[in-house]
Every structure is written in C-alpha cells, then in structure tokens.
Amino acid sequence: MKKKILAAAMAAMVTVTALTGCGSAASSDSGSTGKTLVVGTNAAFPPFEYVGDDGKPDGFDIALIKAIGEKAGYEVQIQDMEFDSLVSSIGNKIDVAIAGMTVTEERKNTVDFSDPYYEAVQNVLVPKGSDIATAADLQGKKIGVQLGTTGEFIADEIEGAEVSAYNKAVDAVNDLNNGRVDCVIVDKNPAEVFGAQFSDKVDVLDGTKFDFEPENYAIALPKGDTELADKINSALKELKADGTYDSLVKKYIEE
Ligand code: GLN
C-alpha cells in the first residue's frame, strides 16, 4: 500500500490536479437533517489524504469518513481545498473537515471536534548529513512548514528561526531538497512518506527528540451541532468496535 501512496504522491507532484469541486455548498441543515455530508479535506497529506490514481481524493481519512457516513446515514461528498481554508469553511462551503487535523485550543474557538481518532507528533525532515538533532539545533534555522498547521505554530516559537510556509508540505520538502530551507517540520506519517519518496536525500527525525508534544487528530465540526457530533462519534465508536478502524489503519498507514 505504501508503494501505491508513493506513486500517487509522485503523480501529484508533476500534475496540476483539478479540484473535484461539486459546486454545491453545504446547506445549513445538511449536517443534521439532509442526506449529504460535504466533507472538506486537503488531499496533499499522505497517507491520510492524497489524490489517487483515478484523480479522486483517497487515503485513510477519506476511507474513514466514508465509513462513518455509511454508519450514520449520510452520502459523503469530498471537497478538496487548501488546508488553511478548512476551519473557516465549516458551516458555509463544507459541513465538516477531515484532514489529519490536530485538535488545538485556538481552533476550538471556531469549531468543535469529534472524539480523536489518531495520535501523531511533528517530525523533522533534514538533508542527509545535517547536524540538526535536538531542539536547540533548530534555533536560527530556516524552517519549512505547511501553512496554517501545527508544524508552523511550533516553528514560529523557535528562537531566531526563519519560517517559510507553503500551501503543500511537499513544496516545503522540494525547497529542502533545493537547499532553500535547513529542515521541514511536518506530521510524522507524511514525513515518513516524504522520507521514503526522497530516501536518497533526506532523513526523518522523530519529533520526540525535539520535545514536540503528541497531537490528536479529530474531525472538525460546526460549533454547537451536538446532534451531528453525536452521530459521528457513535459511528466512530462502532467502527473501532467492529474492526473496520483497525483494517483501515492496516490498509493505509501500516506497511
Ligand atoms: N496536523 C497538522 C495540523 O492540524 C497538519 C494537518 C495537515 O497538514 N493536513 O495542523
């Protein structure tokens, strides 16, 4: 499966992927009474979401939200958009978002979150032979991140760091390979995919060596829609109990 994700990630790099926007914006009641759940994602975050061979978003999150939709009685419609636009689009362009999104206090001011479904941590990608190994080594460095992500929030706190934010994590990795940045801070699983993709050029360093805190991924929901939250959380619970969740982890995340 990793190979397939890698191929998809490579294809996404050379192709300008047309967004499969359906044009139908989420209606205010579609979350709780309608049949369609419009789900926003950013399909540039393998293995959680990427553009598949058929040009459509695929990945762990996409499969998970489709399974949730099936249990909860929604037809899931995926809308691919920039990560940084997801939170502000909930309740207008989309109903919910699934995008390897970390639960943060700041985001909770705008949206609610489902129960967490995956634990992650930021990792650090460095060029082979780099002397970056600990948190102190990051000070004053040129750091590439994805715009609006927890990787960016962490980098912004590093003393003297010069932070470059990109719309896609892979663009940060390309600038790492070009020597424009000294390292890239990005979530663990995508870091591993990029590490495998550019195994001749980069090393992936475990974020716990940099004292990065664990992060929880959850589905972002419209604030105050407890009915929708209950439906999604119950479906998630069922999928964990019946083995579907584990089989998706095996299929998309583990080798
Ligand atoms: N987990 C990170 C965040 O929530 C990155 C998510 C992403 O880039 N899709 O900010």
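Quick notes
- Qualifying position, being under 18 Å from Thr102 (Cβ atoms) and either modelled with pLDDT of 95 or more or in the same structural domain as Ser247 (by TED's automatic domain parsing) (or both), among Asp171, Asp200, Asp182, Asp115: Asp115
Per-residue answers, yes or no, for (1) surrounded by fewer than 19 Cβ atoms within 10 Å (Cβ to Cβ); (2) assigned to a strand (DSSP E or B):
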position	(1), (2)
Asp84	yes, no
Ser88	yes, no
Asn92	yes, no
Val124	no, yes
Asp131	yes, no
Ala136	yes, no
Gly140	yes, no
Ile143	no, yes
Glu152	no, no
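- Residue among Leu236, Leu228 that is under 30 Å from Lys93 (Cα atoms), outside the structural domain of Ile132 (by TED's automatic domain parsing), in contact with an Asp or Glu (Cβ under 7 Å, 6 or more places away or on another chain) and touching a residue at least 24 places away in the same chain (Cβ under 8 Å): Leu236
- Breaking point among (1) at pLDDT below 95; (2) in a helix (DSSP H, G or I); (3) surrounded by fewer than 15 Cβ atoms within 10 Å (Cβ to Cβ), for Ala8: (3)
Condition check ((1) at pLDDT below 95; (2) within 22 Å of Pro190 (Cβ to Cβ); (3) of a type in the set (Lys, Arg)) across all residues:
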{"residue": "Ala44", "(1), (2), (3)": "no, yes, no"}
{"residue": "Phe48", "(1), (2), (3)": "no, yes, no"}
{"residue": "Pro57", "(1), (2), (3)": "no, yes, no"}
{"residue": "Ala67", "(1), (2), (3)": "no, yes, no"}
{"residue": "Val76", "(1), (2), (3)": "no, no, no"}
{"residue": "Glu82", "(1), (2), (3)": "no, yes, no"}
{"residue": "Lys93", "(1), (2), (3)": "no, no, yes"}
{"residue": "Val96", "(1), (2), (3)": "no, yes, no"}
{"residue": "Ala99", "(1), (2), (3)": "no, yes, no"}
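- Among the residues here, Asp95 does not qualify as charged (D, E, K, R), closer than 13 Å to Ile219 by Cα and within 12 Å of the ligand (Cβ to nearest atom).
Conditions (1) of a type in the set (Asp, Glu); (2) closer than 30 Å to Thr36 by Cβ; (3) over 18 Å from the mean Cα position of the chain (by Cα), marked per residue:
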position	(1), (2), (3)
Val145	no, no, no
Glu157	yes, no, yes
Gly160	no, no, yes
Tyr166	no, no, no
Asn177	no, no, yes
Asp187	yes, yes, no
Phe194	no, no, no
Lys223	no, yes, yes
Asp230	yes, yes, yes
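The values are calculated or read from the model by the stated rules, or taken from the named source; none is laboratory data. It should be emphasised that the depicted structure is a prediction, and the values quoted were computed from it without experimental measurement. Don't worry about glycine lacking a Cβ; one is built from the backbone with ideal geometry, like all the others, and counts go over all protein chains shown.
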